[in-house]
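The values are calculated or read from the model by the stated rules, or taken from the named source; none is laboratory data. A quick note: this is a predicted structure, and the numbers were derived from the prediction, not measured. Don't worry about glycine lacking a Cβ; one is built from the backbone with ideal geometry, like all the others, and counts go over all protein chains shown. Heads up: the accessible areas ignore ligands, DNA and RNA and are worked out on the full protein's heavy atoms, side chains in. Shrake-Rupley method; radii C 1.70, N 1.55, O 1.52, S 1.80 Å.
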Amino acid sequence: MEGRAAPEEFEVAIAGARFVFSAIRPGQEAARAVDEDVPLKHGVIGQETTGPGGFAMALRTIPAMLGYARLIEAVAPDALLVNFTNPVGIVMQALHDHSRVRAVGICDGPISMQRSVAAFLGLPRERVHADYFGLNHCGWIHRVLVDGRDRLMDVLQRFEELQEADEQWRLFDPALVRAIGMLPMEYLYFYYYRDRAVEHIRASGSSRGRQLQALNDALWPVLRKCMETGDLTGARSAWERAMGERDATYFARERGETPPDDADGPGDVFEGEGYAGVATAVMAAAAQRRGVPLILNVPNRGAIGGLRDDDVVEVTCLADEHGAHPIAQGDMPEPALALVRQVKLFERLTVTAAVEGSYEAALGALLAHPLVASYPTAKAILDDYIDELTGLMPPLG
């Protein structure tokens, strides 16, 4: 759903649809760059979905998504909305609280974790059932079932070997992971290593948002020229090179690595599942009327102990023709639950700020976030966003 199209074009595209896929970005990469630069100026993580960056993106994205929800309600009331619009968890909370659309939120992070663990165990992904709980970009694998047997402790004891096999795990010290007793998703790096992440990003001289803005600014003219001359092969090659650089530099700044000026290339950019694979799996499960275990963003409905039933969580589900049904996970360890509750409070206040245009709720959201947790810092970040994102942020009174 592209923000530049006219409303009537949306209606024509959506009317009677069985599925609607959403991946919008109001403000595009230029706004993301501001999202990430502002908190860094105040010594706070600048990241697209986590902390103030996710807050700013949510404020301008929620009103747009609720507008699309109203359209879906009117012209495709039976449709399933498969949402990849970031920040997924906050957007899903807004959709659940303020619309009647059937919606499922997707993220490719947990499925990547499951696939990595399966490969480490020498098994097809389908043989490995990962029990996962938390929020979007704030969750853990807490069981790894193979033929009914939990293999998690085997993986934790051999975590150094897992790190050698897959670099996504190298963000975390083995002693930390074994102390947690669960496998953390990579965005928890921003919580467990907050100061290190800020230091690394600042030392890199730029943010991920600025890097991707430059990458896309260079790519689009090349693609337009190729399309104008009918050079589809050239267009694909240019796109693959850009995606190769994007993938090769993922999390490089945060880890303290120097992003390469030019990547060697992505190999087969269509290999693996990614978020497109998760979205396809959700739709295939519905169309084929069969239950498929997937890790998705849905209302809790008792799946995770200690959270409200209407809290949108990221959890192992069974997806079928009726949507996605969270599978009971039991209680979280107390430290994990404390973090999740605090981030969920931030998410709910962010939704209130976006829907009601409330400066007070917006300030409260930033103050509640564990990566901010300072009134002067929260106020400075919020006021900078209002100044630098004029016309993109909802009016806050």
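Please find, among 349, 371, the residue that is under 20 Å from the mean Cα position of the chain (by Cα) and without any contact (Cβ under 8 Å) to a residue 24 or more places away in the chain.
Just one listed residue meets the conditions, 349.
Say we look at region 174-208 and pick out the residues that are open to solvent by 30 Å² or more (accessible area, probe 1.4 Å) and hydroxyl-bearing (Ser, Thr, Tyr); which of these is modelled with the lowest pLDDT?
206
Please identify the pairs in which a residue from region 178-203 that is farther than 17 Å from residue 156 by Cβ has its Cβ atom under 9 Å from the Cβ atom of a residue that is open to solvent by 80 Å² or more (accessible area, probe 1.4 Å) and of a type in the set (Asp, Glu), counting only partners at least 6 apart or on another chain.
Pairs that qualify, where the first residue is farther than 17 Å from residue 156 by Cβ and the partner is open to solvent by 80 Å² or more (accessible area, probe 1.4 Å) and of a type in the set (Asp, Glu), are 200/257.
Out of 291, 364, 302, 391, report the one residue that is within 20 Å of residue 59 (Cα to Cα) and either surrounded by fewer than 16 Cβ atoms within 10 Å (Cβ to Cβ) or touching a His at 6+ places or on another chain (Cβ under 7 Å) (or both).
391
So in region 94-150, with the set limited to residues that are without any contact (Cβ under 8 Å) to a residue 40 or more places away in the chain, acidic (Asp, Glu) and over 18 Å from residue 331 (Cα atoms), which one is most open to solvent (accessible area, probe 1.4 Å)?
126
List every residue pair whose Cβ atoms lie under 6 Å apart, where the two residues are 6 or more positions apart in sequence or sit on different chains, the first residue falls within region 306-333 and is more than 17 Å from residue 93 (Cα to Cα) and among the small types (Gly, Ala, Ser), and the second residue, located anywhere, is at pLDDT below 95 and not in a strand (DSSP E or B).
From residues that are more than 17 Å from residue 93 (Cα to Cα) and among the small types (Gly, Ala, Ser), the pairs are 319/282; 319/285.
Looking at (1) open to solvent by 10 Å² or more (accessible area, probe 1.4 Å); (2) of a type in the set (A, V, I, L, M); (3) closer than 20 Å to residue 189 by Cα; (4) modelled with pLDDT of 95 or more, which one does residue 373 not meet, given that it meets all the others?
Only one criterion in (1) open to solvent by 10 Å² or more (accessible area, probe 1.4 Å); (2) of a type in the set (A, V, I, L, M); (3) closer than 20 Å to residue 189 by Cα; (4) modelled with pLDDT of 95 or more is unmet by residue 373, namely (4).
Per-residue answers, yes or no, for (1) open to solvent by less than 10 Å² (accessible area, probe 1.4 Å); (2) over 29 Å from residue 379 (Cβ atoms); (3) touching a His at 6+ places or on another chain (Cβ under 9 Å); (4) in a helix (DSSP H, G or I):
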{"site": "21", "(1), (2), (3), (4)": "no, yes, no, no"}
{"site": "29", "(1), (2), (3), (4)": "no, no, no, yes"}
{"site": "33", "(1), (2), (3), (4)": "yes, no, no, yes"}
{"site": "39", "(1), (2), (3), (4)": "yes, no, no, yes"}
{"site": "50", "(1), (2), (3), (4)": "yes, no, yes, no"}
{"site": "62", "(1), (2), (3), (4)": "yes, no, yes, yes"}
{"site": "66", "(1), (2), (3), (4)": "no, no, yes, yes"}
{"site": "70", "(1), (2), (3), (4)": "no, yes, no, yes"}
{"site": "73", "(1), (2), (3), (4)": "no, yes, no, yes"}
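Can you tell me how many residues within region 150-173 are at pLDDT below 95 and not acidic (Asp, Glu)?
Qualifying residue count for the region: 1.
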